[in-house]
Structure formats: structure tokens, C-alpha cells
1. Consider PRO201 against the criteria (1) part of a helix (DSSP H, G or I); (2) under 27 Å from the mean Cα position of the chain (by Cα): it satisfies all of them except one. Which criterion is unmet?
2. Going by the conditions given, is ARG190 in a helix (DSSP H, G or I), modelled with pLDDT of 90 or more and charged (D, E, K, R)?
3. Can you give me the number of residues within the stretch 146-184 that are under 20 Å from the mean Cα position of the chain (by Cα) and modelled with pLDDT of 90 or more?
4. Scan (1) among the β-branched types (Val, Ile, Thr); (2) at pLDDT 90 or above; (3) touching a strand residue (DSSP E or B) at 6+ places or on another chain (Cβ under 9 Å) for the single condition VAL340 breaks and write down its number.
5. Give the stretch 187-205 a look and list any residue that's open to solvent by 60 Å² or more (accessible area, probe 1.4 Å) and of a type outside the set (S, T, N, Q), or say none.
6. What are the pairs with Cβ atoms under 9 angstrom where one residue, in the stretch 183-205, is in contact (Cβ under 8 Å) with a residue 40 or more places away in the chain and the other, located anywhere, is in a helix (DSSP H, G or I) and open to solvent by 60 Å² or more (accessible area, probe 1.4 Å)? Sequence gap at least six, or different chains.
7. Quick check: is even one residue across the stretch 360-380 under 30 Å from GLY215 (Cβ atoms) and among the β-branched types (Val, Ile, Thr)?
8. Quick one: which helices (runs of 4 or more DSSP H) sit completely within the stretch 35-145 and have at least 2 residues that are at pLDDT 70 or above, under 25 Å from PHE170 (Cα atoms) and over 21 Å from the mean Cα position of the chain (by Cα)?
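The values are calculated or read from the model by the stated rules, or taken from the named source; none is laboratory data. Note that the coordinates shown come from a computational prediction; the quantities given were computed from them, not determined experimentally. Every residue, glycine among them, receives a Cβ derived from its backbone with ideal geometry; neighbour counts consider all protein chains shown. Accessible surface areas use protein heavy atoms only, side chains included; no ligands, DNA or RNA. Shrake-Rupley method; radii C 1.70, N 1.55, O 1.52, S 1.80 Å.
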Amino acid sequence: MTADIRFFWSRLNANYWFYPALFSILAAALAFGMITLDRSGAAAFLNDVSWIVPSRPKGAADMLTVMAGSMIGVASTVFSITIAAVAYASGNYGPRLLTNFMEDRGNQLSLATFIGSFVYAIIVLRSVRGADEPAANIEEVGTAVAGFTPQLSLLVAYALMGLCVAVLVFFLNHIPSSIRVNKVLEGIGRRMLSNLRTAYPKENEYSDAMEPREGKPVCAWATGYIQLIDFGDLVKIARDNDAVFSLRMRTGDFVHRDLPIMDVEGCEPEDIEEKIRACFTLGATRTPDQDPQFLIDELVEIGLRALSPGINDPFTAITALHWLGAATTEIARRDLRKDVCGEDAEDCPVIPAPDDFDHYIQRGFGSIRSGVATSPIASEVMLDTLANAAAPVQNQQRRNRIRAEGVLLGEQVRQHLVGPDLERYERNEVAFLKKFREEPA
């Protein structure tokens, strides 16, 4: 499967309209199926159930009309509330979080349930006829009352109404919960940790990325962000041509025409250029697929916004620091060679762009450090977070890199803090450096 097809599918079920459209199709199929059962006489047994009073055509039509009107009204309200929540989150936490809220399964499925119920009610309503209306089908079997009332379809409509009430209660709880900053940061953090474990599955091994090999360049053919790379197809192309591909760019990098994106050793790039292009998807925005740096950048963005003078919310920044610390520990204990071949990376003919430990440290703590240095409480927490991140790490080189980040923080703190705040920080700094003279846990 090419990168374009894989990316199309991953983005298709992330679109806000996908589940409402899918549920509408399923609801229409359910409605036609239930009406067919009613017309075949499958609902005749309901006349013998004493606690079910058969509906008359007018009552059935009124109920379905109310249901359809209510569902489309609630769906409009759900959409409006979602847009308001998205606007709030985008303005307060950063525009890149817009995608996170639009992809939220709770929001998508809530809207889809109401839209699907509306479609079901409208289709069933069309089949209801009064006693004075002629039959549309000579095989139609009547119920206990004159005309045609799809009794079984009405029972399903009642069940859908009950489901919609439950979904509405869920949605009204889900929306305020989803825009709480701690919940937002938790969602980003957990997704980031999952992506890191997928990208680097080998734990307690400390090799850095493989060094690229020289070759003839393959240049970008369009402008945009690299959104997805189909490594499986790249490996197949490389093996078919006895070549080695060394990528210069990673998922999430911005490219433009004639910018080299990879080097080819062992064959002429012109012979396979079209096949290589099919393995890359370019677009206007970055996505978290194959790009854990994107989620790290989101945490950094929220932290820096919180530490800006206009907002001055160090406790939000502290939460972002804690998740960055968890990511740092996860990265520090993993083999950073991407095993794109599903086997020993040493024999793989595709060498991804190197993501060494220093790259991730700089992307996370290095990017947020300048903002943290202006806040007494955030700077102290960052020292503690760095120390906690290093505690489980067995590799001394990576522990030293975490320690160096603490030293750099101290240099910037001394440019911003004075008096008792600086004295307290320096006492914490002494304790921080002492921890790195001890053996790792």
C-alpha cells in the first residue's frame, strides 16, 4: 500500500464528518431493514405482548416527527458546542491543538449518533400511513390497527431515543472535561509515549541512529510537510534495485522543490524516482503519525504560552514539563535505530534520518528552557524533572546529556532571577548535580 493510500485512510477516519456520514448510511440501512421486517409480518407477535400497546398511524407519525426534529436540533447544538470548545482551546493552548479536538472520538461519535437517529426517524416516518391512505404494497401485512404502522421499527426508534439521551449526557460531561488543560496535556503526553514506543520498540538498548551513507540525491518534487513515509515500500524498492537509501528528512520536516530528501547508493535515482515519490505524502500541515516530535512541540508550545507575561500560568507549564520528563525517560532507555525493516537494522537498506538522544533533548527541554528560566517555580520543577528523568537511565552518556541540560538551565536562570529566588534555585542546583554523582537506580 502506498503512502498516499495509507495517509488517506488515516486522515479519513480522523475527519469530523466521517463518523456522522458512516452512521447515516448504517441508520438508513437499519431503517429499510426494519421496515421490510414490518411489512413481512415479522412484527405480528407484538400484538400478543400485553405491555406493548400498538401505535396508531397518527401517534407513530407524531412520535417520529418529534424525534427527527429533536435529533437534528440536538445535533446542531452539539456541533455549536464543539466549535466553541475548539475555539477556546485553540486560543488558549495553541492553534495546533485544533486537530486534536476535531479528531476527538467522543465529539465525532456524539454528533454521529444524533445524525444517524435523525436519518432513521425520517426514513421510518415515510412508511407510516393512515387508514384512509391506500396500501403501497399488496403483500403488506396489517397490524392490530388500520393503515400501516411499522411497530418493530418504532421500538427500535424508542431504543435510539434512549441511546441519544445517554450520549447527550456523556457529551455534556465530555466537553468541559476535554478542554481542561491537564486533560489536554495528558492526551498529548500519552499519545506521545505510545508513538515513541512504536517508533523505538527495543528497550534497555542504547544505540543511536545509524549513520547515513553517501549517494546521489533524490530531490523533493513539491512543497509542504512530509506527513507520512511508507518505509515498507521503500525497503522493497531498495532491495529490488540492490540499493541503499539514506533519508535526509524525517516525517514532519518541511521541504520544497529541488531540496534533497534522500541519497541513493547502488543505482541511478532517475530510474526509480517515480516509485520513491509514491512512498512520500506531502501536505500543508504536520500530523502526529510517525512524528513524535510534533507532540513534543505541542507540549513545548503550551508550556511557553503559559509562561508568557500575558498569561503567567507556571502551573500549566509545570504539567507540560512533567510529560516532557516522562518522554525523555522513555527515549533515554530505548534503541534509537528505527527498525523499518522489521528485522535487524544493520541489514536494512533504508536508513532513516538520524534522531539521536541529543536531538530529542533539544527539541523538548532545550526549546522550553528559555521560558522556564524566567519563572522561579518552573525552573525548580524543571531541575527536579530532569533529575527524575535521569534516575532510571542506565546509560551514562545519556545521563550526562540530561545533566548538561540542567547546567544550561542554570546559566539562563542567572540572567533572569535575583535575590532569594536565585539563592533557592542555586541550592536546588547543588542537590541536582549531586544526584548525578550517584549510581543510577
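1. (1)
2. yes
3. 1
4. Every listed condition holds for VAL340 apart from (2).
5. ARG190, ARG191, ARG197, PRO201, LYS202, GLU203, GLU205
6. What qualifies is LEU185/HIS322; GLY189/HIS322; GLU203/ARG197.
7. Within the stretch 360-380 (the criterion being under 30 Å from GLY215 (Cβ atoms) and among the β-branched types (Val, Ile, Thr)), the answer is yes, since at least one residue qualifies.
8. Result: 57-93, 105-127.
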